[in-house]
Amino acid sequence: MGDIIIEETNYKAFILAVANLFMLIAACAVTVYGFMVHKLRFWLPGILLAFIFFIGFLRGVALAAQEKRLLTITTDGIIDSSSRGGVGFIPFDVIKEFKIITLYNKQAIVIVPKNVDSFLSKLTMVKRKIVKRNIHLNLPPVAIYVDTAKDMEPEDILSLLMKRLSDYSRLYG
């Protein structure tokens, strides 16, 4: 039983790359027009902007190609590496159950701890304040937004988490 790594799709980097590509095409068109009408005020800025947008396009492609972890399921717990409020490592011995809910029109997997006070004591100060704020606002203590998971549906992720939690409970519980 190795680690299961669930990756996150980076839509922002993809959009950045596409936007830079369109701007690069526009800058090339301005440059070509400047050469056709022999106007320095068109082709010189066109070349400069084409260079800048080409670098931006390459950067966007590089960012979109990067693998970004959303969630890692280990034999001892889960590592929440999500970009929106990632909590870090959460051991299975403090987890009661997992649920899928919709928060702010995005699907999230909720982690319900067995004992909230002992769970809070294991968190850092900043993460503890975030969890307390969530509880105060009648939100789940920890929610992992899985709407950006690459090649996996939230139900698939939930079934993997439930399987690992039941395996852990059967072995160590």
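The values are calculated or read from the model by the stated rules, or taken from the named source; none is laboratory data. Given the structure is predicted, the values throughout are model-derived calculations rather than measurements. Counting neighbours? That spans all protein chains shown, and the Cβs are built from the backbone with ideal geometry, glycine included. Surface accessibility is based on the protein's heavy atoms, side chains included, excluding ligands, DNA and RNA. Shrake-Rupley method; radii C 1.70, N 1.55, O 1.52, S 1.80 Å.
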- Message: For the structure I just gave you, tell me whether Gly88 is in the same structural domain as Leu165 (by the TED database) and either on the phi > 0 side of the Ramachandran plot or surrounded by 15 or more Cβ atoms within 10 Å (Cβ to Cβ) (or both).
- Response: yes
- Query: Among the listed residues Lys122, Lys96, which satisfies the condition of being within 26 Å of Val146 (Cα to Cα), touching a residue at least 24 places away in the same chain (Cβ under 8 Å) and either of a type in the set (S, T, N, Q) or open to solvent by 60 Å² or more (accessible area, probe 1.4 Å) (or both)?
  - Reply: Lys122
- Message: I'd like the full set of residues that are in contact with a Leu (Cβ under 8 Å, 6 or more places away or on another chain) and not charged (D, E, K, R), limited to the range 89-104.
- Response: Phe92, Ile95, Phe98, Ile100, Leu103
- Considering each of Ile101, Ile135, Ile79, Ile144 in turn, give the residue that is at negative phi, assigned to a helix (DSSP H, G or I) and open to solvent by less than 70 Å² (accessible area, probe 1.4 Å). Ile135
- Task: Please determine, by comparing only the residues of the range 104-119 that are more than 20 Å from Lys150 (Cα to Cα) and of a type in the set (Val, Ile, Thr), which one is least open to solvent (accessible area, probe 1.4 Å).
- Result: Ile111
